[in-house]
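Report on the following structure.
The values are calculated or read from the model by the stated rules, or taken from the named source; none is laboratory data. Keep in mind that this is a model prediction, so the values were computed, not measured. Ideal geometry is used to build each Cβ from the backbone, glycine not excepted, and the neighbour counts take in all protein chains shown.
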Amino acid sequence: MDFTTADPLIGATLDRRYSVESRVASGGMATVYLAHDLRLDRPVALKVMHPSLATDPDFVRRFINEAHSAARLSHPNVVQVFDQGQDQGHVFLAMEYVPGRTLRDMLNAMGRLGVREALQVMAAVLGALGAAHQAGLVHRDVKPENVLLTDDGGVKVADFGLARAVESSGQGLTKTGTLMGTAAYLAPEQIERGVSDARSDVYAAGVMFYELLTGSQPHTGDSTIAVAYQHVNEDVPRPSRVVPGIPPEVDRLVTRATERDPRYRPGDANQFLSAVLQVSGGAPDSGPNASPAFAAAPTDPAVQRPEPAAENRTVVVDLPPVLDPEDDAEDGYPEAGEPWWRNRLMLAVGAGVLAVVLLCTGWWVFFGRYAEVPELVGAERDEAARLLAEEDLGLRVSEKEVYSDEAAIGEVAEVSPDVGESILPGGTVTVALSKGPRSVELPEVVGEPVENARKALEDEGFSNVEVEETDSREAEPGTVLSCDPEPGEEADREGTVTLTVSAGIPVPDVTGEKAGDAREQLESAGITVEVVREFSDDVEKNTVISQDPEEGAQVGPGDTVTITVSDGKEEFDVPDVTGKTVEEAEKELKDLGLKVKVTVILGGDRVTDYKPKGKVRKGDEVELIVTPFARGGGGGQGNGRGNRDD
């Protein structure tokens, strides 16, 4: 069954800009439509949120914030976000339209990809994720459905930040139709603690890499909970167990990216990309001494984990030799007569050295390797980055934005971990940059064009602006009449600002009315009237034939409406038909739209007179008078006299 025609959005126009043409796809969070941008004359992909999400104000607020962040991300492998809006109860994103198919479509068609093709796809995906991670954004929903393949072989990643909007609004794993279908790519820390960062994207990319190579997901089950349990408790296997012949360095790419402990994964997508490019540019030897695809050191350099040994590698462990009591002297035991205290001194020195080593090791493990988070609150963004870099601890920085009444816009309002707390080298410091106070004075926008008013509000941080139109005789169409809250009041930047905008004066329909009545009706509505007169064969004189603009149009006060008034049928002179035969005269007059009456007096076949003379209109009657021809010589005159005598 074709549901396209039943979709109420097909044929609709959102935000008076995007004309919806057809439905492309539907998912658990939104429906994607192909639309046409009427303003810029280009196709766009319109992602319209499902009603269950659009009615949640908390989700809408977070969705708008995430959309603004994604719109700032510019990379050739990222689907660009052009616009975001709300109209008729629909929350939507206008994005770059990418004709082609998804990576999921390709997997369904091909089963799996070759090693070379899988590496190429992953390089493009990781390039997009790396740009996002560098900008402080985390995708949170990496999966084949969000990777688009263009017709010319390009790869683009879509839906940055949308999963965060859903998670933050309380629509998590347990709500049907939201993130339920992505459990196959969730990192263990997302399942156990509900936290995610760049390394969570790396885990999801590693699972997707496994799927590209093998054609199946590493963990499957009858329910979402079963799949999530496996992610938390079981390692992702090497792809070569499913598809023999996959090189060991490619196996290591997958297993390193999907480590259950995020400390052992690459720190972000750029590190993962470097390893992929190293392998795709020339795979190392596969012998026992081959170097791994990327370094074995985990994110936390204080926690070391040995690289898994290859299956054909022999591990040798050196053990101390077993001493024979009979060979005590030869193997270091004192011979008879040696001082007994010498052995005890050596044991004491050894025990002391061991104690010092243990103390130093314990101090390093529990205290020495940690650093304190420096004082960053109040610093500018670049200054905070410099202070962290000076610590020379390899700290990674994650950025977010928060409201703050104390910190100026762009300054650090808070950090996590807090200032003075201990952090491991290579750890992540989250820097919250101030967006300014949450409540600010609403700017003066009354009397401004609606687009200027909207921009002024957005510049002050008000992202949820609604527009209501009303008829007005005082202001031009599109002019702001009032604002709620009122300008000058303290308003919540997360709240809704409603602009009441002039729709102008609706033009009434005056066609078919008398000219005087039409003029009076238009002028009483505050509209200037211009009259144009023209002849009409169909409309009675002094009656309105047409108007411009037509009924229903909106005009401003003092604008002009032109009415065309009938002057009746067109007048013209009756041609002189005297001397012509009755047939000739009658045809000529009828061709002009006149009626003809013939009056014959005493016979004859030529017109000697006609009436009326002068101006007539179509449909008027002309009388032809026919008498014996009386012009010419005397014979004719004698004839006439003779007849009259009779």
Could you tell me whether any residue of region 101-120 is of a type in the set (Lys, Arg) and free of Cβ contacts under 8 Å to residues at least 60 places away in the same chain?
yes
Top-ranked residue of region 472-485 - restricted to ones that are under 31 Å from the mean Cα position of the chain (by Cα) and surrounded by fewer than 17 Cβ atoms within 10 Å (Cβ to Cβ), ranked as farthest from residue 555 (Cα to Cα):
485
Looking at the structure I just gave you, is residue 510 exposed (fewer than 13 other Cβ atoms within 10 Å of the Cβ) and either small (Gly, Ala, Ser) or at negative phi (or both)?
no
Looking only at region 231-254, count how many residues are in a helix (DSSP H, G or I) and under 29 Å from residue 274 (Cβ atoms).
12
For the subset of region 216-270 comprising residues that are of a type in the set (S, T, N, Q), under 30 Å from residue 134 (Cα atoms) and in contact (Cβ under 8 Å) with a residue 40 or more places away in the chain, which member is surrounded by the most Cβ atoms within 10 Å (Cβ to Cβ)?
258
Sole miss for residue 108 among (1) at pLDDT below 90; (2) closer than 20 Å to residue 27 by Cα is condition (1)
Within the group 170, 181, 177, which residue is under 25 Å from residue 416 (Cβ atoms), modelled with pLDDT under 90 and surrounded by fewer than 21 Cβ atoms within 10 Å (Cβ to Cβ)?
170
Flag for residue 46 being at pLDDT 90 or above and loosely packed, with under 15 Cβ neighbours inside 10 Å:
no
With respect to residue 531, determine if the residue is exposed (fewer than 13 other Cβ atoms within 10 Å of the Cβ) and touching a helix residue (DSSP H, G or I) at 6+ places or on another chain (Cβ under 7 Å).
yes
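So which residues in region 17-34 are over 19 Å from residue 64 (Cβ atoms) and either at pLDDT 90 or above or in the same structural domain as residue 183 (by TED's automatic domain parsing) (or both), if there are any at all? Outline the logic, then answer.
First, the residues of region 17-34 that are over 19 Å from residue 64 (Cβ atoms): 19-28, 33-34.
Across region 17-34, the qualifying residues are 19, 20, 21, 22, 23, 33, 34.
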Any idea which residue in region 617-641 is nearest to residue 589 (Cα to Cα), counting only those that are at pLDDT 85 or above and among the hydrophobic types (A, V, I, L, M, F, W, C)?
622
Of the conditions (1) small (Gly, Ala, Ser); (2) in contact (Cβ under 8 Å) with a residue 24 or more places away in the chain; (3) loosely packed, with under 13 Cβ neighbours inside 10 Å, the single one that residue 35 does not satisfy is (3)
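Among the residues of region 96-113, how many are assigned to a loop (DSSP other than H, G, I, E, B) and out of contact with any helix residue (DSSP H, G or I) (no Cβ under 7 Å at 6 or more places or on another chain)?
Residues in region 96-113 being assigned to a loop (DSSP other than H, G, I, E, B) and out of contact with any helix residue (DSSP H, G or I) (no Cβ under 7 Å at 6 or more places or on another chain): 4 in total.
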Any idea which residue in region 95-111 is nearest to the chain's Cα centre (by Cα), counting only those that are of a type in the set (A, V, I, L, M) and exposed (fewer than 14 other Cβ atoms within 10 Å of the Cβ)?
109
